[in-house]
1. Starting with the highest mean, order A:287-293, A:60-66, A:144-150 by the number of other Cβ atoms within 10 Å, averaged over the residues of each peptide.
2. Which one of B:115, B:45, A:80 is farthest out on the positive end of the charge dipole of the protein assembly as shown, using unit charges on Cβ (Lys, Arg +1; Asp, Glu -1) and the Cα centre as origin?
3. Under a crude label model (7 Å from the Cα following the beta-carbon direction), how far is residue B:247 from residue A:305 in nanometres?
4. Apply the a/c threshold of 1.5 to the C-alpha gyration tensor of chain A and tell me whether it is rounded, prolate or oblate.
5. Let me check against my output: what whole-number percent is the relative contact order of segment B:251-409, with C-alpha pairs under 8 Å and at least 6 apart?
6. Say a site is exposed when it is one of the GluC sites (Glu not before Pro), sits in a DSSP loop, and has at most 16 other Cβ atoms within 10 Å; what is then the longest site-free stretch of chain B?
7. Could you compute the FRET efficiency for residue B:340 and residue B:194, with r as their C-beta to C-beta distance and R0 at 35 Å, rounded to 0.05?
8. Roughly how many nanometres apart are two label points built 7 Å out from the Cα toward the Cβ at residue A:246 and residue B:295?
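The values are calculated or read from the model by the stated rules, or taken from the named source; none is laboratory data. Not measured: the values here are computed from a predicted model. Positions of Cβ are generated from backbone atoms using ideal geometry, with glycine treated the same way; all protein chains shown enter the neighbour counts. The protein model used for the area step is the full one, side chains on, heavy atoms only, and it has no ligands, DNA or RNA in it. Shrake-Rupley method; radii C 1.70, N 1.55, O 1.52, S 1.80 Å.
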Amino acid sequence: MVEMVTAYVIWHDFLRYLIFYPPVYQFIIIPGLIAALVVAIFIIWFERKAAARVQMRYGPYEISPRTGGATQLIADLIRYSFQEIIVPRTVDAAIYFAAPVAAVILSLMPLNAIPLTSNPAFWPIPMDYSLLVAVALTTLSPIFVIVMAWASNNKFSLIGGVRESFIVTAYELVAVLSMLSVAASMSTFNLVDIVEAQSGGLWYGLLNPPAFLAAFIATLMTTSGFPFEIPDAESEIVAGPYTEYSGLMYGLDMGAAYIKRWVFSVLMALVFLGGWAPYVPGTGFVLGYLVPSLIVSAKALVIMAVMSFLRAVYGRYRIDQALGVAWEILIPLAMAAFGVGLAEAYFHVYAHLGVMAVAG
Amino acid sequence: MAEASGAVALPGMEVRQLERNLYEVYIGPAHPGSGHMRIIVRVEGDVMVEVDPDIGFVHRTMEKLSEGRDWMKNIPLFERMAILDACNVTLPYVEAVEKLLDVDPPERAKYLRTLLCEINRVASHLYGFGIFGVFLGHSTLYMWAFGDREIFVELAEKLTGARLTHSYPMFGGVRRDMPDDFGKHVRKATAYMRRRLDEYAKIFLNNPNIRSRLEGVGVIPKGRAVEMGLAGPNVRASGVKYDVRLAEPYEAYDRVDFEIPVYEEGDSLARAWQRVDEIRQSLSIMEQAVDWLEKHPREGFIHEKFWKTAPPIYKQVYAGAVPYAGKYRVKMIPLYASLRVPAGRSFARVESGRGEITYYVESDGKDTPYRVRVVSGSFRNVIAFKYAMPGHRLADLPAIYGSFDYFPPEWDR
């Protein structure tokens, strides 16, 4: 019997296999591009409002006093989108355009390697080594920042690019080590198992605070958040690697940094803050996918908000000081966190707490 | 046409070959960290080996312009050197001309000038702090300093009627007397600012992040500071107790009680603390000046020689007999429009927010000056960039630049 091809079937299949197909859905909608955009708008608004509060001013306000000036960010976004893109004659045009696009796409990639629910129907990929894959994918995009700097053919860009490369080599080991200490502790790379193990309320961030702290600072460093806003330090090297970019291309550059921060925040929410933990995902799209993904997003949003708030407290470190922090303090800290993880595995901490993360 | 030596002379421009491994970076003149000047930096890796402050981008030929203007009209002109420090910048000109005219302003005018000078000094230091903060990426200090500066700008407005370009000191006195309730506002402002300075220390000067950026950066030893002829807070932060207010007291400075803070370290952090301590002293001077002014009756704010030419209505307003927009508050005296200054040469100096500022005035008896020469504090400090910066990293450039509180329009004139 041949199934009738009706408009309903086409529409249903379109939604089922193209929009709500987890690899696509997670890349494009939540927690991918669209969620990241919404989060970026919210976080920039929050950053400006929170900093304004500390600094005795209003921040965005006049454009819509009732919403606290929230629409200001939409207006800014529109302005960026329609601004003329000026391409200096001296740049290597093909790479100049390709690099930011590649950076944005590659920044989003790790979101396709993470689970947002324990329901296997909504996993984008098999989850056995998801933590390893996700952490590995986060290391791809920084190279394109350096490519941007090189293609821009500008002294400030080049200095920014060199700084970025120094920072990347410093933070990556810290981020990877601190994230993977959870794998050591629970003897699994499976993010679903890791989240399930934390469902008792004892989050890994509480069980191994050094790992959380190291991952937090490493994220600040990679996404050039204060006090590590070094590759694009305005008063020293204009906009660093992004100096020659304008309009939407500059928006993409900034977007890539925000997406990277968002990705790390989502990963940290899963690994250290128990993911969708208090909630037990049910069946069906809404209860099994949407709700847990929103819980994870909310936790990630809190991490991002804390990171943004640091802008109001700190100035920026010098590059050698930041590298000193990374190599002399953070890497030993991450090593210690890894040791704590191994010790927890040795003493079966999670098993004692009544959680069987891994069978066998 | 490139030559083997590497030095090619083009009109108005010199091209020279850099040594191997050097990289030349132009900070400015249109750069978020430069102000209205250019700093040519040659870096080896990340370390600056040669720093060349290239000034002159806001030169406005003030000395020449002054030769074509009436004596009086030069006051608003010279203010444009540093509008945020307007009273300090114009005061030595007024004093120099007063020496030529042989008039000594009344006591009350001296205190009023002292008061505005200190208000300006606080505002100017806060401005410098704000720029310093934003150079180090510390947006909170930037906003705080600029927000709090507003208080002192408003105090100046209450006193003179203008926020920035007050044109307050005039030959033989000041432009107007202070309002009745001015003392109240001053005391409120000083109490507030003292509290705020502690908060500045918490968020900025004692912030471990900022301390690590400033401590031991841009050190200028005492001997070097003297050798380079630095001025103002920068030389005092290097351990030299030199202040015009102390060395050669002018106006009411010999009758108010204040200390000159001195730091021995000579690094960027010391220069920042130096300014905090100076703000404290200025607040105290402001209070003393306002106390004196309130205790003493309004006995003329301008020399009798000029006051006697004022129309009767002015005298009635000043006596409080005629209600006017602001009791006792009289505006400019018409005599000044045709003022002729006797021939002669004179010289005066004051301590401005950025260091000693010196005027040499020469008159040939006409209604315009023959020559006015200005040397400002910023001019004397800019040379330090060349010697304090090499050896530090490029990222230290804003940390050192900001700590000197350099103000290009003041030097370029």
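1. Details: A:287-293: 19.7, A:60-66: 12.9, A:144-150: 24.4.
Final packing ranking: A:144-150, A:287-293, A:60-66.
2. B:115
3. Taking the two extended label points, one gets 5.6 nm.
4. Numbers: a/c = 1.62, a/b = 1.18, b/c = 1.37.
In terms of gyration-tensor shape, oblate.
5. Numbers: 147 pairs, mean separation 23.7, N = 159.
Dividing the mean separation by the residue count of segment B:251-409 yields 15 percent.
6. Values: sites that count: B:3, B:19, B:67, B:215, B:259, B:264, B:299.
It runs B:68-214.
7. Values: r = 47 Å, r/R0 = 1.33.
Calculated transfer efficiency: 0.15.
8. 6.3 nm
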